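*Asks:* This is the structure I want to talk about, given as C-alpha cells.
A short reminder: the numbers here are calculations on the coordinates, not readings from a lab. Keep in mind it's a predicted model, so treat the numbers as computed, not measured. Here Cβ is always computed from backbone atoms with ideal geometry, including for glycine, and neighbour counts include all displayed protein chains.
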Amino acid sequence: MPETNKKVLILSVNDEDKDIVFRPADTLLGVLRGKLGLTGAKPGCLNGDCGACTVLVDGIPMKSCIMLAIEAEGHKVTTIEGLINTKTQASFIKHFAFQCGYCTPGFIMVCHSLAEKQPHADKAVIKEWMQSNICRCTSYQEIEEAVASILAEE
Ligand code: FES
Ligand code: FES
C-alpha cells in the first residue's frame, strides 16, 4: 500500500496517549497487537462471534476485531494489560476460571465492565453478559463463579 495512505492516529490506551502510524482500514485489534505490542486481546474468529478480542472502550466491552482503530480515537481504550493486579484478574485465578486461557482476557474484560456498570447483577444478568464470549475448553460455571464473587464484594 502506498505510504500516502498511512496516517497518524492518537489513541488513549491504558491511560497513556500513543501516536500510531496506521492505515484507515486497520482494525483496533490489529493496531493494539501489531503496533503497540499489546497481545492480550486475542484473534479468534475475527468476525465478532467469540469475544476473544474484547477490550473496553469508555468502559464498554467492544470486539476489537470488528472495530476500526480510527473509531477509537478520542475514546479511552482499556486492554487486559491495563487490568493487571485488579480484583477481576485475581478472582479468575482464585476460581480457576480458565483452562488454555485463550478466551480469558476477553471474559475478564466483560466481567470488569459488568462489575462497574451493574454491581448488583443477578445470575440471569451475569449469564446474559457472558453470552458475548465463547470458551472452547472449560466450564462456564467457574467463569460465572468468578464473576459472581466480584459482584458479591461490591
Ligand atoms: S476475534 Fe473478535 S469476536 Fe472473535
Ligand atoms: S479456557 Fe480455553 S478457550 Fe476458554
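*Asks:* Which cross-chain or sequence-distant (5 or more) residues have an amide H under 5 Å from the amide H of S12, H modelled 1.01 Å from N in plane?
*Replies:* Excluding prolines and chain starts, which carry no amide H, the hits are K18, G74, H75, V77.
*Asks:* Take V125 and C100, extend 7 Å from each Cα along the Cα→Cβ direction, and tell me the distance between the two endpoints in nm.
*Replies:* Going by the 7 Å Cα→Cβ label model, 3.3 nm.
*Asks:* Next question. Could you calculate the FRET efficiency of N85 with E116 from 1/(1 + (r/R0)^6), where r is the beta carbon distance between them and R0 is 25 Å, rounded to 0.05? Spell out each step's value before the answer.
*Replies:* Numbers: r = 17 Å, r/R0 = 0.66.
My answer for the efficiency is 0.90.
*Asks:* For each pair in K63/K94; K18/K94; K6/K87, compute the distance between the two Cα atoms and list the pairs where it is over 31 Å. Could you put the intermediate results ahead of the total?
*Replies:* Details: K63/K94 26 Å; K18/K94 33 Å; K6/K87 39 Å.
In this structure, K18/K94; K6/K87 exceed 31 Å between Cα atoms.
*Asks:* Another question, if that's okay. Pulled fully out, how much extra length does the chain show between Q141 and E71, if you take 0.36 nm times their separation in residues and subtract their Cα-Cα distance?
*Replies:* 21.8 nm
*Asks:* Answer with one residue from V55, T27, V147: the one whose Cα lies farthest towards the positive end of the charge dipole of the chain, charges on Cβ with Lys, Arg +1 and Asp, Glu -1.
*Replies:* T27
*Asks:* Turning to a different aspect of this structure: Restricting to Cα pairs below 8 Å that are 6+ residues apart, what does the relative contact order work out to for segment 46-95? Please round to a whole percent. Can you show the working numbers first?
*Replies:* Working: 42 pairs, mean separation 15.7, N = 50.
Across segment 46-95, relative contact order equals 31 percent.
*Asks:* Right, here's the next one. Over segment 7-81, with a single point scatterer placed on each C-alpha, what log10 of the ratio I(q)/I(0) does the Debye formula yield at q = 0.17, 0.22 1/Å?
*Replies:* Debye output, listed in q order: -0.52, -0.91.
*Asks:* Under 16 Å from a label point 7 Å along Cα→Cβ of A25: give me every residue in segment 33-68 with its amide N that close.
*Replies:* Residues 66-68 qualify, since their backbone N sits under 16 Å from the label point.
*Asks:* Could I ask something else about it? With +1 on the Cβ of every Lys and Arg and -1 on the Cβ of every Asp and Glu, and nothing else charged, how large is the dipole of the chain about its Cα centre, in debye rounded to the nearest 20?
*Replies:* Charge dipole of the chain: 420 debye, to the nearest 20.
*Asks:* Pairs of Cα atoms under 8 Å, at least six residues apart: use those to get the relative contact order of the chain, whole percent.
*Replies:* With pairs under 8 Å counted, the relative contact order is 23 percent.
*Asks:* Tally Lys and Arg at +1 and Asp and Glu at -1 over the other residues with C-beta under 14 Å from the C-beta of L32: what net charge comes out?
*Replies:* Residues near L32 contribute +1 overall.
*Asks:* If each Cα of the chain is one equal point scatterer, what is log10 of I(q)/I(0) from the Debye formula at q = 0.17 Å⁻¹?
*Replies:* -0.92
*Asks:* Moving to a separate point now. In whole Hz and in residue order, list the ³J(HN,Hα) couplings for segment 66-79 that follow from phi through the Karplus curve 6.51 cos²θ - 1.76 cosθ + 1.60, θ = phi - 60°; x for Gly and Pro.
*Replies:* 10, 10, 6, 4, 4, 5, 8, 5, x, 10, 9, 9, 10, 10
*Asks:* With a Förster radius of 25 Å, plug the Cβ-Cβ distance of D58 and K18 into 1/(1 + (r/R0)^6) and report the FRET value to the nearest 0.05.
*Replies:* 0.90
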